[in-house]
Amino acid sequence: MGVDLMEKIFSLCKRRGFVFLSSEIYGGLANSWDYGPYGVELKNNIKRAWWKSIVYERDDIFGIDASIIMHPDVWKASGHTDNFFDLKSDCKSCKKRFKIEELNDKSKCPECGGPLTEARPFNLMFKTQWGALEDESGIVYLRPETAQGIFVNFLNILNTKHPRLPFGLAQIGKAFRNEITPGNFIFRTREFEQMEVEYFVRPAEAEKYFNYWVENRFNWYINLGIKKENLRKRPHSKEELAHYAVSCTDIEYKFPFGWAELEGIANRSDFDLKRHAQFSRKELTFFDDTTKERFYPYIIEPSGGVDRSFLAFLIDAYFEEKVKDDIRVVLKLHKSLAPVKIAVFPLLKNRSNLVELAKNIASDLKKSFFTLYDDTAAIGKLYRRQDEIGTPYCITVDVKSLEDKKVTVRHRDTMMQERIGFDSLKEYLRTKFED
Ligand code: GAP
């Protein structure tokens, strides 16, 4: 089912307008993807659910949105200029490039059997030029993680929000890595989006908050419908820790290609603030006015990928069910993530009074929910289309509706149908989406 399921998800994404190959009319840019009309909704809903849980429902975390291109010294201080390398080897025959840690035989090309070059370090940061100067002084990088935009704003937040410890800063944004082996659809790409929190704590409380965030983030995925058996926590061994981390636990999802990282929760200690203080020569300690102590807070960092969550939510929600002699494909997405919330159809598209009524209901619902009107196929086909994109409720207006002032509401997961009056429809749906 594994590879097969990936293919089904890939095909559904293309067929229904979730994800397209980037620059497709030019043959595509390998491993680069564009999000279509339903994809962008799902992606925005994931980000909204994260922001709600991390920023709006708490008092101790503030949002920021930093620049993608930062001062080049940021990357010297962060250690990325010196440490953000993968070892790579090139095939002398077919010229393909491989990540050393993924090779079983480090002397032979796994694709054509040709000889490989010596292993060489390859910095994963994308270089570009800032302004008109063509010399070294204009070299800047696309950020490989959003985190550094938070650290360099630490002082601004201390001076404007005057927070007490523990407090956090949250950011969602693009990050770029020149990955040697991107792949598995949107799982590993060179341009992706991260959702990161940097949570500043007293050093003595770092472990407590590290454990807290591992649980908090694990439960976020479960509460949004990921099946518990498909999610696990995996503590890192000392050898695999990033250069800034003293401990790290990954939340992994059971993708069709195996268990793989969805999010990492790291204890970054005081590494980042100390390094930025050293390189910027600014005071980046925290003064605790209750204990009168000055110190560098430790940082606990939950760092997740939007695109990977997108893939996991899609895979987990994908079902094929036998209905009479047919197979229905249905995305049982959590209602808050579903790209379209409601679809409205007239049972008969050649009856103008039904069409008009259905359009009026749809345009009224649009004010509160993302609602689609559709009359381009027979009712069975319209239901299947909405099932495939995970629309929780379909509303059908039929001839009887003109008399009893009621519509049929069909539930995506159970296919159960019930009649609801026009005047109570909005309230009925509102309570359903609040569940
Ligand atoms: N600031 C810490 C940090 O960046 P990371 O484990 O390298 O840690 C965090 O990345 C998350 O970003 C990952 O768990 C993953 O969800 C996402 N991510 C990292 N590299 C990615 C890539 N090449 N493609 C898609 N998502 C990626």
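Each reported figure results from applying straightforward, stated rules to the coordinates on display, with no laboratory input. As the structure is a prediction and not an experimental result, all values here were calculated from the model. Note that we place each Cβ from the backbone using ideal geometry, even for glycine, and neighbour counts take in every protein chain shown.
Numbers for the structure displayed
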{"read-out": "Between region 94-171 and region 253-304, the alpha-carbon center distance in angstrom", "value": "17 Å"}
{"read-out": "Counted charge near K99, where neighbours are those whose Cβ lies closer than 9 Å (Asp, Glu -1; Lys, Arg +1)", "value": "-2"}
{"read-out": "Residue (of F422, N267, L311) at the positive-pole extreme of the chain, dipole from beta-carbon charges", "value": "F422"}
{"read-out": "Where a label projected 7 Å from the Cα of S336 along Cα→Cβ would reach, residues of region 16-60 with amide N under 17 Å", "value": "41-60"}
{"read-out": "Region 112-182: GluC sites (Glu not before Pro) in DSSP coil with no more than 10 other Cβ atoms inside 10 Å", "value": "E118, E134"}
{"read-out": "Residue of T181, T408, T128 that the Gaussian network model of the chain assigns the largest fluctuation, springs spanning Cα pairs under 10 Å", "value": "T128"}
{"read-out": "Long-range HN-HN contacts of A175 with modeled amide H, under 5 Å", "value": "F192, E193, Q194"}
{"read-out": "Violating pairs (Cα-Cα greater than 29 angstrom) within the set K14/K254; K228/K426; K8/K367; K106/K174; K233/K366; K88/K238", "value": "K228/K426; K8/K367; K106/K174; K233/K366"}
{"read-out": "Modelled FRET efficiency - R0 35 Å, D60 with F370, Cβ distances, 0.05 increments", "value": "0.65"}
{"read-out": "Rg followed by Dmax, in Å, when region 340-434 is reduced to its Cα trace", "value": "11.9, 35"}
{"read-out": "Amide proton proximity set for G390, modelled H, under 5 Å, gap of 5+", "value": "L331"}
{"read-out": "Residue-span extension gain [C94 to F433] - 0.36 nm each, minus C-alpha spacing", "value": "116.6 nm"}
{"read-out": "Under 17 Å from K76, Cα to Cα: lysines that are on another chain or at least 8 residues apart", "value": "K127, K274, K282"}
{"read-out": "L87-E229 FRET efficiency (beta carbon distance; Förster radius 45 Å; 0.05 resolution)", "value": "0.80"}
{"read-out": "Where only alpha carbons of region 1-95 are counted, the Rg and the Dmax (Å)", "value": "19.6, 58"}
{"read-out": "Amide H partners (placed H, <5 Å) of A343, local residues excluded", "value": "L372, Y393, C394, I395"}
{"read-out": "Computed Kirkwood radius, in angstrom, where 1/r is averaged over Cα pairs of region 328-384", "value": "12.2 Å"}
{"read-out": "Of Q148, Q417, Q386, the one that fluctuates the most in a GNM where the chain has Cα springs shorter than 10 Å", "value": "Q417"}
{"read-out": "Whole-number percent relative contact order across the chain, with pairs defined as alpha carbons under 8 Å at least 6 apart", "value": "13 percent"}
{"read-out": "Backbone N under 17 Å from the L21 label point (7 Å along Cα→Cβ), restricted to region 165-187", "value": "182-187"}
{"read-out": "In sequence order, calculated HN-Hα J values of region 183-192 (Karplus, 6.51, -1.76, 1.60; Hz; x Gly/Pro)", "value": "x, 6, 6, 8, 5, 10, 10, 8, 10, 8"}
{"read-out": "Computed FRET value (nearest 0.05) for E207 with A132, which takes r as the C-beta separation and R₀ as 45 Å", "value": "0.35"}
{"read-out": "Semi-axis lengths, Å, the chain, gyration tensor of Cα atoms, sqrt of 5 times eigenvalues", "value": "44, 29, 20"}
